[in-house]
Structure formats: C-alpha cells, structure tokens
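Some notes on the structure that comes next.
Just so you know, all these numbers are worked out from the coordinates, no wet-lab data involved. Keep in mind that what you see is a predicted model, and the values were worked out from it rather than measured. Here the Cβ positions follow ideal geometry from the backbone for every residue, glycine too, while neighbour counts run over all protein chains shown.
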Amino acid sequence: MADKLQLKSYAKINLLLDVLGKYENDYHQVEMIMQTIDLYDKLFFTKIDSGINIECKHPGVPSGEKNLIYQAASLLRDEFAVESGLKVKVEKNIPVAAGLAGGSSNAAATLVAVNKLWGLGLNTSELEKRGAELGSDIPFCLAGGTQLATGTGTELEKLELDPKLDLVVVNPPFEVSTAEIYKNLNLAEINCHPQVEKLMMALKRDDYRDILSNLENLLELVAINRYPKIEEIKKIVAAETDRVLMSGSGPTILGFVNSKSKAQEAAASLKQKLDTNYKIVSATTVNTGVELF
Ligand code: ATP
C-alpha cells in the first residue's frame, strides 16, 4: 500500500446563499448553490508510525488539534482504532477565514487521504457523513463542482451543470467570523430572499446576464452592517466587473466577468487600486473536488 499521497483541495464560493430558518438545535436551515473554483491548496500526505503532524507556513493556520486536518484525521483514527500516524505538509493558497472554505477543503482532502493511506475502505457517502460531523462545508468539498446544499448545508445534490464563470477574488486583510455573522442575522427583518430556482434555470440555459442577476447572498447585508469596509470594497470591484457578490460569510468579494482575460485584467487593475495586503486573484469555476496532482 502506498505511503504517500498528494492532493489538491479547492476553494468554494457560494453562487447563491439563502437562510430559510433556524432549527431547534440553533443550526440554520440554508439553501445554497455551492461551486468550486480553480484556487487550491496542495497537501502532501505521508503515512508515519504514530501521531498527526501538520506543517503549514501560513501564520493564520493552527498546527495542532485546532486544525481541521488534525480533526479529520483523528476522527477516523479513533473510530477505526488506527495505529499508524500521518504527516501533512500544506501549501496554502486559499486565503484563511475568507469565506472560501479553505479549512473545510483541507479536511475533505484529509478524509480522502487517510481513507487510502490507512486502508479504511470507506465510500464517498461514508466520507461525507464523517465530514458533516466536523463542519457543514466539508461534504461539499469532497466532490465539489456545482451542488445544491440544503438542510444545515450538508444535504447535497450534485447539479450536472459545469458553468464556466470567470471571476476575480478579492480578499481584504481582515477576518470575519461565520458564527458572528449568523448571530447577527435577523430573519424576521428580511422580506426578499434569493431565488434559487431562477438561478438554476439561468445556469441550465447558460445565460450570462440572467446568471449574474440571480447571484445573491443573504448574509451580505449583515456582514456590511458589521464591517462597512465590505461595501467600499464592493464598489471598487463593481467598477471593474459585471457583478459583485460576497463569498459565504465574507469578507471576500467576488467580481464576475465574461472571459478569462477580463478576469486577469480586473485582477491586475484591482491590485493597483487596493492596498498590497489584499489578496487578489483571477479564477474560473471548476467541476472538481479533492483530486490527485
Ligand atoms: P468557511 O467558508 O467554511 O466558513 P472560511 O474560509 O471562512 O471557512 P477557513 O479558511 O476554513 O475559513 O478558516 C477558518 C478558521 O479555521 C481559521 O481562523 C483557522 O484558524 C481555522 N483553521 C483550522 N484548520 C484550518 C486549515 N487547515 N486551513 C485554514 N484554516 C484552518
């Protein structure tokens, strides 16, 4: 059995994010169209004798038990009484705490890696179930592509759509806590929700203008209320692109355009306009999740 595995873990954006209510356990009932983009971390896994060691140079990424990689590996190690250990080297390209599911996608890759390296023989839905125990975005990150997520975000339907959308990803130099944004969301005040059916129809027809006008994120207003800077960034990105949207619970802003070259031009221009500590990259949607490289 191989003792090394190299996997890519892709960033996620929400083409649509709606919150419909709250369950008794305080989890929110959501409806989202999630999408992977070609921005990814590289993870180098090695089977070792014992322990779970994580090496990542990014200062915002914890190295021990707080790391989602650690949590994913230890969940399966404990459940299956695995005696071997794991070493993981992470090459971080996905901005941290950015609403791009970087930690979740690393955890998804870890589930795939230890399943192989430790010979656990779990299938995808068994991995999804373990992923959901750790974080609601993890099941999506396993297969990626375009998926409709409902319930707490872990009930998934893979949409056979494969949209080709080009965008610029603008990550400002401050973090937003997902929990804080949800805490400040008052559903009673909201009378206009994103239209998931309309977006799915537009995606099916591959109608660029219609897709853009149905990209919506219910959390955007809450995030802007707490962090007015997000509105300023939105305006700057809007001047360079056809449609702006906040990703997940923020603060990353996405600007959509209709070609790869326009996305690259927008990224170059925004780098001139915004501070050097903003992370700005052009990206394209992809139809893939965790994969070998
Ligand atoms: P989501 O969109 O799923 O809410 P996010 O993109 O907003 O996620 P992450 O990049 O996953 O946020 O980081 C959230 C927190 O998780 C960070 O503050 C970081 O300390 C912690 N974390 C734990 N493990 C990881 C990991 N492997 N990579 C990045 N962050 C991690």
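Descriptive notes on the structure:
- For the residue pairs Lys66/Lys279; Lys158/Lys229; Lys87/Lys164; Lys57/Lys198, the C-alpha atoms sit more than 31 angstrom apart in Lys158/Lys229; Lys87/Lys164; Lys57/Lys198.
- Cβ-derived FRET efficiency at R0 30 Å, Thr284 paired with Asn25, nearest 0.05: 0.20
- Semi-axis lengths, Å, region 181-227, gyration tensor of Cα atoms, sqrt of 5 times eigenvalues: 26, 11, 7
- Part-to-part distance (alpha-carbon centres) for region 269-293 and region 174-197, which is given in Å: 24
- Lys, Arg +1 and Asp, Glu -1 on Cβ, resulting dipole of the chain about Cα centre, debye, nearest 20: 860
- Counted by Cβ distance under 12 Å from Thr252, the other residues give a net charge of +1, where Lys and Arg count +1 and Asp and Glu count -1.
- Subset of Lys8/Lys129; Lys47/Lys271; Lys129/Lys271; Lys89/Lys262 violating a 32 Å alpha-carbon distance limit: Lys47/Lys271; Lys129/Lys271; Lys89/Lys262
- Membrane-span-like helices in the chain, defined purely by DSSP H runs whose alpha carbon atoms cover 30 Å or more axially and whose average Kyte-Doolittle hydropathy reaches 0.0, do not occur.
- Counting charges near Asp275 (Lys, Arg +1; Asp, Glu -1) among other residues having Cβ under 15 Å from its Cβ returns a value of +3.
- Scaled to the globular estimate 2.2 N^0.38 Å, the Cα spread of region 166-286, given as radius of gyration, is 1.08.
- For q = 0.25 Å⁻¹, Debye-computed log10 I/I(0) when each Cα of region 98-195 counts as one equal scatterer: -1.34
- Where N is the number of residues in the chain, Cα Rg divided by 2.2 N^0.38 Å: 0.99
- Distance between the modelled labels on Val96 and Leu187, one decimal in nanometres: 3.3 nm (7 Å Cα→Cβ projection).
- Computed over region 4-159, the quotient of the alpha carbon radius of gyration and 2.2 N^0.38 Å is 1.01.
- Net charge of the neighbourhood of Phe45, taken over other residues with C-beta under 10 Å away and scored Lys/Arg +1, Asp/Glu -1, is +4.
- Sum of -39500 (n - 2.57) over DSSP H runs of 4+, divided by residues of the chain (222 nm, nearest 500): -9500 deg cm²/dmol
- 18 Å cut-off, amide nitrogen to a point 7 angstrom out along Leu292 Cα→Cβ, residues in region 45-84: 45-47
- Inter-centroid distance (Cα atoms) of region 27-52 relative to region 114-163, Å: 10
- Positive-end residue, region 166-286 charge dipole about Cα centroid, Cβ charges, pick of Thr284, Tyr208, Gln195: Thr284
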